[in-house]
Amino acid sequence: MAILVTGGAGYIGANFIHQYLELEPKCQIIILDDLSTGEPSRISAKTIFYKGDFADLNLLKTIFTKHKIDSLVHFAAKTSVEESFEQAQIYYLENYLKTKELFDFCSSNGTKNIVFSSTAAVYASQKNDKISEQGPTKPNSPYGIAKLKAEQYLHELQKKCKDLNFIILRYFNVAGANLLKNLGPNSKASKHLFKMTAQAAAGYKTSFSIFGIDYPTRDGTCIRDFIHVMDIANVHIASLNYSKTNSECLVLNCGY
């Protein structure tokens with residue numbers, strides 16, 4: 001049996017794969033990534049890599065013909081909240097419509113377990129700094145809206161495919177790196193706050209922008225939550241292993 005990982009050459013996806021292979025070295029992992037933001041240097045030699053769109057049905061047919069895929073871990077997505085306001089239609093296409101096609105294809109072709117890497121941007125804005133999985137979902141960005149619709153579709157799909165298990169993971173900002181594997185947010189396209197801060201501290205940048213000036217904090221900027229990328233990788237691993245042995249569908253916030 002094999003695991004299909006979309007976005008496996010990305011920051012979080014690559015950390016998940018390298019960590020999973022440390023724990024399960026004999027596991028077969030298939031990476032599907034178009035390398036639009038992913039980095040070839042992040043791809044483990046122990047995996048099988050396909051370059052392409054995760055909703056390319058012909059490519060998916062090829063992959064599923066060659067490999068028996070029983071699990072999907074879906075990382076691939078457009079991820080910038082700021083950019084989503086400028087490219088709302090693209091975010092709707094990538095993060096919902098194409099994700100919907102991927103879920104449909106996988107569930108129709110023998111995949112029993114899905115771990116969906118979602119976002120805490122699906123929640124409504126609220127003053128309370130503690131958000132539970134039962135909190136109101138009312139995203140205020142095209143990014144969050146598309147991710148929430150993909151979540152909702154998984155619930156609908158499971159009603160039709162009773163043997164499908166899924167776990168949806170919601171989290172805010174990810175930071176850090178696997179230092180042994182050199183797996184940080186190092187792509188040229190990345191506007192990650194920790195990356196820009198480090199670049200400025202090292203003299204590679206003279207300035208960078210932090211948005212928000214009217215929050216009830218000392219300097220007016222918002223308080224941001226961060227979780228280490230290795231913690232996120234381990235949460236995805238634990239979720240996948242749980243999904244394989246339990247007939248249960250869960251929505252989980254990733255703790256800090």
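The values are calculated or read from the model by the stated rules, or taken from the named source; none is laboratory data. In this text the structure is predicted, and so the values were computed from the model without any measurement. Here the Cβ is made from the backbone with ideal geometry for all residues, glycine too, and neighbour counts use every protein chain on show. For the accessible areas, the whole protein counts, side chains as well, though only heavy atoms, and no ligand, DNA or RNA atoms are used. Shrake-Rupley method; radii C 1.70, N 1.55, O 1.52, S 1.80 Å.
If you take all C-alpha pairs in region 106-207, what percent of them are over 18 Å apart?
Here the tail beyond 18 Å accounts for 63 percent of pairs.
Restricting attention to region 17-123, which trypsin sites (Lys or Arg not before Pro) occupy a DSSP loop and are surrounded by at most 12 other Cβ atoms within 10 Å?
Those that pass, being in a loop and sparsely packed, are K26, K68.
Sort out for me the Cα centre separation of region 64-104 from region 7-60, rounded to whole Å.
If we compute the Cα centre of each part, the gap is 14 Å.
Set the bar at 32 Å for Cα to Cα. Now go through K68/K100; K26/K130; K68/K147; K61/K149; K138/K159 and name every pair that lies beyond it.
K26/K130
Semi-axes of the equivalent ellipsoid for the chain, please: Cα gyration tensor eigenvalues, times 5, square-rooted, ordered largest first, whole Å.
After diagonalising the Cα gyration tensor, the semi-axes are 29, 22, 17 Å.
If R0 is 30 Å, what FRET efficiency do you get for A198 and T62 from their C-beta distance, rounded to 0.05?
0.15
Name the shape class, rounded, prolate or oblate, that the alpha-carbon gyration tensor gives for region 197-256, where a ≥ b ≥ c are the square roots of its eigenvalues, rounded holds for a/c under 1.5, and otherwise prolate holds if a/b is larger than b/c and oblate otherwise.
The shape class here is oblate.
Give me the distance in nm between label points sitting 7 Å out from Cα along the Cα-to-Cβ direction at K46 and N246, one decimal.
In this crude spin-label approximation the distance works out to 2.6 nm.
One-quarter of the Cα convex hull surface for region 173-212, in nm²?
3.4
How far is helix 11-23 tilted off the main Cα axis of the chain, in degrees rounded to 10, range 0 to 90?
Roughly 50 degrees between the two axes.
If you project the alpha carbons of region 102-156 onto their three principal axes, what span does each projection cover, largest first, in Å?
Taking max minus min along each principal axis of the Cα atoms, region 102-156 gives 44, 21, 17 Å.
By how many degrees, between 0 and 90 and to the nearest 10, does the Cα long axis of helix 98-108 differ from the longest principal axis of the chain?
So the helix axis and the longest Cα principal axis differ by about 30 degrees.
Find the relative contact order for region 104-155 and round it to a whole percent, using C-alpha pairs within less than 8 Å whose residues are 6+ positions apart.
This gives 34 percent for region 104-155.
Whole number in Å², please: accessible area per residue of region 1-111, 1.4 Å probe, ligands, DNA and RNA not counted.
With all protein chains present, region 1-111 gives 46 Å² per residue.
Cα atoms only: what Rg and Dmax, in Å, come out for region 1-133?
Values for region 1-133 (Cα only, Rg and Dmax): 15.6, 50 Å.
Could you give the dipole magnitude of region 56-182 about its Cα centre, charging the beta-carbon of Lys and Arg +1 and that of Asp and Glu -1, in debye to the nearest 20?
About 340 debye.
Enter the angle in degrees (range 0 to 90, nearest 10) between the Cα long axis of helix 229-245 and the first principal axis of the Cα atoms of the chain, meaning the one along which they spread out most.
Helix 229-245 sits at roughly 30 degrees to that axis.
Relative contact order of the chain: what whole-number percent is it, with Cα pairs under 8 angstrom and at least 6 residues apart?
21
Could you name the aspartates and glutamates whose alpha carbon sits less than 17 Å from that of K78, not counting residues in the same chain fewer than 8 places away?
In chain and number order, the partners are D33, D34, E39, D53, D56, E86, E94, E101, E151.
Would you mind getting me the FRET efficiency between C222 and K181? Use the beta-carbon distance for r and R0 = 30 Å, nearest 0.05.
0.45
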